[in-house]
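The block underneath contains the structure these notes are about, expressed in structure tokens.
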Amino acid sequence: MQFINDITFANKSMFWLFLLIPGYIGWYLWKGRNAQGELIVSSLDNLERIPGSFRQYLRHFVVVLRSISLSLLILILAKPQSVKNWKNVSSEGINIIIALDLSTSMLAQDLKPNRVEASKAVAMEFIDSRPQDRIGLVVFSGESFTQCPLTTDHTVLKNLFSGIHTGMMADGTAIGMGLATAVSRIDTTQKSNVIILLTDGVNNQGAIDPLTAAEIAKAYKARVYTVGLGTNGKALAPVAIDANGKYILDLVDVEIDEAVLKKIAEKTGGKYFRATDTQKLKKIYQEIDKMERHIVSEKNFSKGKEVYLPFAFGLLFVLMIEIIVRQFFLRSINGN
């Protein structure tokens with residue numbers, strides 16, 4: 001009985017086939033009644049004392065065996081599975097938009113090889129660490145656009161990530177536009193939405209003020225983690241372009257509007273970070289990763305361990321009994 005209690009069936013629609021069994025039995029009874037022969041005798045007195053033949057009972061027993069065989073076959077088709085193999089699985093995942101500054105100053109080399117490439121490399125490591133998340137990418141400089149909407153196809157996302165570079169848009173630093181675009185890409189039907197905004201400058205472009213964009217993010221319940229990219233003091237950065245179209249580098253002051261970035265994070269329930277080198281940027285992503293481990297769905301599923309073998313062996317055993325009965329006891333009845 002314990003074995004039966006531990007079994008469930010993945011394809012219960014097959015149970016409708018059990019209706020074939022009473023149909024088969026009814027067909028057998030109807031056929032047997034119409035197949036009766038006639039014998040004219042003067043009296044039944046002597047015939048009534050004759051016991052029924054053992055073979056006669058075996059003939060009906062074959063019908064029982066076939067009904068059992070059909071029942072076992074239906075149970076196999078219904079895919080019996082052991083409930084002991086079911087497991088509770090928590091699927092961790094949130095929606096994350098990475099908003100990355102691509103202004104010319106992001107070519108500064110205080111993060112190696114420069115701020116853009118370091119940001120891309122660390123972000124792709126972060127993406128690999130969050131396989132359950134839907135992640136998207138927004139880029140901005142003097143303007144902003146969505147490079148990749150929210151997706152769980154991280155291979156496509158990383159390919160798009162690897163293709164971004166400075167010069168894709170008009171130069172400048174439109175932090176407000178970048179944040180507003182990121183907010184427009186979140187999924188408001190989901191419980192948890194996060195924006196990671198990385199910039200190395202001060203807002204000087206765009207029609208939307210950064211704090212106005214922060215209010216919009218707050219209204220949509222999106223947490224914003226802001227990251228200021230750049231070392232303290234000066235950094236080697238592009239200051240002009242020579243006749244060959246190459247950037248001329250020089251030491252320039254690192255100017256990050258930390259006050260605004262902190263207010264954005266504070267308004268939205270996020271946090272502000274400062275990344276002065278690549279290792280600190282990695283640690284920032286690791287800290288965000290720990291803070292955003294949020295369970296958004298839980299479900300039960302079966303590993304699908306089939307337990308049809310007992311039913312299959314039972315079917316084989318019943319078929320062997322039928323073959324033995326028909327071949328060794330009913331041959332004369334069947335005319336073989």
Thr181 is checked against (1) within 17 Å of Lys263 (Cα to Cα); (2) modelled with pLDDT of 95 or more and fails just one. What number does that condition carry?
(1)
Residues in the stretch 137-146: is at least one among the acidic types (Asp, Glu), more than 32 Å from the chain's Cα centre (by Cα) and at pLDDT 95 or above?
yes
Filter the stretch 192-224 down to residues that are basic (Lys, Arg) and out of contact with any strand residue (DSSP E or B) (no Cβ under 6 Å at 6 or more places or on another chain) and give me whichever is surrounded by the fewest Cβ atoms within 10 Å (Cβ to Cβ).
Lys221
In the stretch 166-207, anything farther than 30 Å from Tyr247 by Cα and either among the hydroxyl-bearing types (Ser, Thr, Tyr) or part of a loop (DSSP other than H, G, I, E, B) (or both) is listed as Ser184, Arg185, Ile186, Asp187, Thr188, Thr189, Gln190, Lys191, Ser192
Restricting the stretch 231-263 to residues that are in contact (Cβ under 8 Å) with a residue 40 or more places away in the chain and charged (D, E, K, R), the residue that is farthest from Thr104 (Cα to Cα)
Lys263
Of the residues Tyr247, Tyr220, which single one is assigned by TED's automatic domain parsing to the domain that holds Lys267, within 18 Å of Lys267 (Cα to Cα) and of a type in the set (Ser, Thr, Tyr)?
Tyr220
When you check Phe126 against the structure, is it among the hydrophobic types (A, V, I, L, M, F, W, C), closer than 29 Å to Asp209 by Cα and assigned to a helix (DSSP H, G or I), yes or no?
yes
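Yes or no, residue by residue, for (1) at pLDDT below 95; (2) in contact with a Lys or Arg (Cβ under 6 Å, 6 or more places away or on another chain); (3) farther than 16 Å from Glu292 by Cβ:
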residue: Arg130; (1), (2), (3): yes, no, no
residue: Gly176; (1), (2), (3): no, no, yes
residue: Ser192; (1), (2), (3): yes, no, no
residue: Ala207; (1), (2), (3): yes, no, yes
residue: Pro210; (1), (2), (3): no, no, yes
Reported set for the stretch 208-230 where residues are in a helix (DSSP H, G or I) and touching a residue at least 12 places away in the same chain (Cβ under 8 Å) is Pro210, Leu211, Thr212, Ala213, Ala214, Glu215, Ile216, Ala217, Lys218
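The values are calculated or read from the model by the stated rules, or taken from the named source; none is laboratory data. As the structure is a computational prediction, the values presented were derived from the model and not from experiment. When we count neighbours, we look across all protein chains shown, and the Cβ atoms used for this are built from the backbone with ideal geometry, even at glycine.
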